[in-house]
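Trainee: The structure is given below, and queries will be raised subsequently.
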Amino acid sequence: MSSAEQTYDVVVLGAGSTGENVADVVVRGGLSAVLVEEHLVGGECSYYACMPSKALLRGTEALEEARAVQGAAAAVTGEQDVAATLERRDSFTHDWDDSSQVGWVEGAGIGLLRGTARLDGERTVVVTGPDGATTRLTARHAVAVCTGSEAAVPPVDGLPDVQPWTPREATSAKEAPRRLLVVGGGYVGCEMSFAWNALGSQVTLFQRGDRLLPAAEPQAGDAVAASLRDHGVDVRLGAHVSAARRDGDEVVLTVDGGEVRGDEVLVAVGRRARTTAIGVDTVGLEPGEYLDVDDTLQVRGLSWLYGVGDVNGRRQLTHMGKYQARQAGAAIVARARGEEVSGADWSPHAATADHAATPSVVFTLPQVASVGLTSAQARERGLPHRVVEHPIGSVAGASLFADGYEGTAIAVVDTRREVLLGVTFVGPAVAELLHAATVAVVGEVPIARLWHAVPAYPTVSEIWLRLLEAWRG
Ligand SMILES: Cc1cc2nc3c(=O)[nH]c(=O)nc-3n(C[C@H](O)[C@H](O)[C@H](O)COP(=O)(O)OP(=O)(O)OC[C@H]3O[C@@H](n4cnc5c(N)ncnc54)[C@H](O)[C@@H]3O)c2cc1C
C-alpha cells in the first residue's frame, strides 16, 4: 500500500465544528493547516445532534405558539405533517452529504485529508485513507485533537445486544417507532422525548434520579416533567433499568423489577471521550480518557498538543467548542510567532468562559435557557449569594406572546460584589432572552448599573425589571 509524507504548521484531527474553527483561525493567522476527517466534514452537530434535533422539534414548538394565541389558534386545524417534518430535518443535514462543508474548507484555504488519524509520537499523525493508503503528517507547531465524543452506554445487562438507539439514530430515524423507550432524563433524553412523542411515538422516559435535567435549576426539571406528562409522555423518575433483551421485534427492559416493552430504546445517559483509538498512548496519555487541558486548551505536559471541543470534556456544546477553537487557534498562532500567551481570565488566548459563563438552551416545551452558575453551583463554590425568582407570565410582553404564558426567571446574585453569577429562564421561547444574561454575567455588570438597561415595552425582556425589583425586595 502506498505511503506519503506531508508537513503542515498545524494538523487537526477531526473536522467537526470545533476542528473546522481551529483550522480556520490558524489559517487566518498565516499558518498552514490540514483537517483529517474519517466520516462527515461538519461533525456531530450538523448531522446527528444540534441541527437535526432542533429541526425535529421546531414544528411542534411553532404549532404550540400558534395554539397559545386566541384568534391564531383557530387557524391550526390539522396535525403536524410528519413526513414533511422529517423531510425538513433531512434538508438541514443535506441528506448526510458534506459537499457544502467540504467546499467551505477548500475555500478557506485549509487542507483536507479523508481517513482515520492516529497520533504516532510527538507532532506526528498517521492517516489511513479509505483505500488503505497511509499518509504521515508532521506538524511544525501544533497538533489539535478535535475528535469529539460518543454516546456512553451504561452497564445494563444485555443493553449492547439489543442494538439501542444512540442520539445518532434518534436524530436520523426515518420514521417514528410506535413505542419508544428513552433511558436518561438529561437534555438529549428530554428533547428527543418531546420530538418523537409529537411525531407519533408513544414515549416512556426513565430517569434514574428524582428530577429531569439534574444539572439545571430544580424548577426547570419540574416544569419539563410536568409538560412532558401533559403531552402524553410517561415520565418515570427514580427508575432503575437493570436489564434489556429483544423478544422478536420488541425490546424489553427490566425496570425496578418489572418489564416494559417497546419497539426501540434510546440510550441518552451522557458522553465519553473519543480518544480510545487515536494513539494517545504513543505520547504518554491514557486512551479513553478526556484530554486534560489548561485554559489555552494545551494538553498539560505536552506543549505541542491541544485538546479542543467535546474531547476535553469541559463543556460539551457546539458554541463552546467553537469558542475554545477561537481561543486555542489564537494561542497557537501567538506561540508560533513567539508572542506571549496569557491564560488569564478573559484573555484572547484562554477559554475562561468555560468555568463560569457557559450559556446553554434545552429546546423542550418549555425551553430552559441558562448561563453561568446555578444556585447549587454557587453554594458548592462557597460564593455568598442570594437567589431571586419571578414568574415571567406577569410581564405584559409575555401575556401578549402567549395566552396564559407560564414561565420562571431565576437569578443568582453575588451578594458581596452585587453582580449576577447566573440566570435561568424557563418558559416558551426564552432562548432569545439568554444573550442579554450572558453579556451581564461575562461583563460582571453591577446590579446598580443594570437598572439603567431599560427593556423595551411590551417585550418579554421586561422580566429583567421584575428580577431587579425582586432583588431590591
Ligand atoms: C442529540 C444531541 C443534540 C445536541 N444539541 C446541541 C445543541 O442544540 N446545541 C449545542 O451547542 N450542542 C448540542 N449538542 C452537543 C454538540 O453536538 C457537540 O458539543 C459538538 O458536536 C462537539 O463538536 P466537536 O467538533 O468537538 O466534536 P464532533 O462534532 O464529534 O466532531 C469530531 C469529528 O472528529 C471525527 N473523528 C473522530 N475520530 C477521528 C479520527 N481518529 N480520525 C479522523 N476523524 C476523526 C469525527 O468523525 C467527527 O466528525 C448536542 C449533542 C447531541 C448528542
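The values are calculated or read from the model by the stated rules, or taken from the named source; none is laboratory data. Quantities reported herein were computed from a predicted structural model and do not represent experimental measurements. As a convention, Cβ positions derive from the backbone with ideal geometry for all residues, glycine included, and neighbour counts pool all protein chains shown.
Trainee: Evaluate the following for Ala350: is it at pLDDT below 95, under 24 Å from Ser149 (Cβ atoms), surrounded by 16 or more Cβ atoms within 10 Å (Cβ to Cβ) and away from the ligand (no atom under 16 Å from the Cβ)?
Mentor: Numbers: at pLDDT below 95: no; under 24 Å from Ser149 (Cβ atoms): yes; surrounded by 16 or more Cβ atoms within 10 Å (Cβ to Cβ): yes; away from the ligand (no atom under 16 Å from the Cβ): yes.
No: the conditions fail for Ala350.
Trainee: For Leu291, are the conditions met, namely being in a strand (DSSP E or B) and under 25 Å from the mean Cα position of the chain (by Cα)? So that I can check it myself, show each step before the final result.
Mentor: Values: in a strand (DSSP E or B): no; under 25 Å from the mean Cα position of the chain (by Cα): yes.
Considered against the rule, which asks whether it is in a strand (DSSP E or B) and under 25 Å from the mean Cα position of the chain (by Cα), Leu291 comes out as no.
Trainee: Right, another one. Could you pull out every one of the helices (runs of 4 or more DSSP H) wholly within the stretch 28-105 that has 1 or more residues that are within 14 Å of the ligand (Cβ to nearest atom) and surrounded by fewer than 18 Cβ atoms within 10 Å (Cβ to Cβ)? Lay out the reasoning, then the answer.
Mentor: Working: elements: 43-48, 50-67, 82-92.
Where helices (runs of 4 or more DSSP H) fall fully within the stretch 28-105 and carry at least 1 residues being within 14 Å of the ligand (Cβ to nearest atom) and surrounded by fewer than 18 Cβ atoms within 10 Å (Cβ to Cβ), they are 50-67, 82-92.
Trainee: So, one more: Does the stretch 133-152 hold any residues that are outside any strand (DSSP E or B) and crowded, with 16+ Cβ neighbours inside 10 Å, and which are they? Let's see the steps before the verdict.
Mentor: Initially, the stretch 133-152 is screened for residues outside any strand (DSSP E or B), giving 133, 146-148, 152.
Matches in the stretch 133-152: Cys146, Thr147, Gly148.
Trainee: Of the residues Pro164, Pro130, Pro155, which is surrounded by 15 or more Cβ atoms within 10 Å (Cβ to Cβ) and either farther than 26 Å from Gly59 by Cα or at pLDDT 95 or above (or both)?
Mentor: Numbers: Pro130 fails: surrounded by 15 or more Cβ atoms within 10 Å (Cβ to Cβ); Pro155 fails: surrounded by 15 or more Cβ atoms within 10 Å (Cβ to Cβ).
The match here is Pro164.
Trainee: Of the residues Gly129, Gly148, which single one is within 14 Å of the ligand (Cβ to nearest atom) and without any contact (Cβ under 8 Å) to a residue 40 or more places away in the chain?
Mentor: Working: Gly148 fails: without any contact (Cβ under 8 Å) to a residue 40 or more places away in the chain.
Being within 14 Å of the ligand (Cβ to nearest atom) and without any contact (Cβ under 8 Å) to a residue 40 or more places away in the chain holds for just one of Gly129, Gly148, which is Gly129.
Trainee: Starting from the stretch 53-68, keep only residues that are within 12 Å of Ala402 (Cα to Cα), then list their pairs with residues that are among the hydroxyl-bearing types (Ser, Thr, Tyr) and at pLDDT 95 or above whose Cβ atoms are within a distance under 8 Å, requiring at least 6 positions of separation or different chains.
Mentor: Final answer for the pair search is Ala68/Tyr405.
Trainee: Looking only at the stretch 1-24, count how many residues are part of a helix (DSSP H, G or I) and either under 21 Å from Leu291 (Cα atoms) or aromatic (Phe, Trp, Tyr) (or both).
Mentor: Initially, the stretch 1-24 is screened for residues part of a helix (DSSP H, G or I), giving 17-24.
If we keep only those that are either under 21 Å from Leu291 (Cα atoms) or aromatic (Phe, Trp, Tyr) (or both) as well, we get 17-23.
Number of matching residues: 7.
Trainee: A follow-up question, please. Kindly list the number of the only condition in (1) surrounded by 18 or more Cβ atoms within 10 Å (Cβ to Cβ); (2) closer than 30 Å to Ser32 by Cβ; (3) within 14 Å of the ligand (Cβ to nearest atom) that fails for Ile110.
Mentor: (3)
Trainee: All but one of (1) of a type in the set (Lys, Arg); (2) touching a strand residue (DSSP E or B) at 6+ places or on another chain (Cβ under 8 Å); (3) outside the structural domain of Val34 (by TED's automatic domain parsing) hold for Arg335, so report the exception by its number.
Mentor: (3)
Trainee: Going through the stretch 314-347 one residue at a time, which ones are touching a helix residue (DSSP H, G or I) at 6+ places or on another chain (Cβ under 8 Å), within 16 Å of the ligand (Cβ to nearest atom) and in a loop (DSSP other than H, G, I, E, B)?
Mentor: Arg314, Arg315, Gln316
Trainee: Give the number of residues within the stretch 132-142 that are in contact with a helix residue (DSSP H, G or I) (Cβ under 9 Å, 6 or more places away or on another chain) and within 13 Å of the ligand (Cβ to nearest atom).
Mentor: Filtering the stretch 132-142 down to residues in contact with a helix residue (DSSP H, G or I) (Cβ under 9 Å, 6 or more places away or on another chain) leaves 140-142.
Of the ones still in play, those that are also within 13 Å of the ligand (Cβ to nearest atom) are none.
Residues in the stretch 132-142 being in contact with a helix residue (DSSP H, G or I) (Cβ under 9 Å, 6 or more places away or on another chain) and within 13 Å of the ligand (Cβ to nearest atom): 0 in total.
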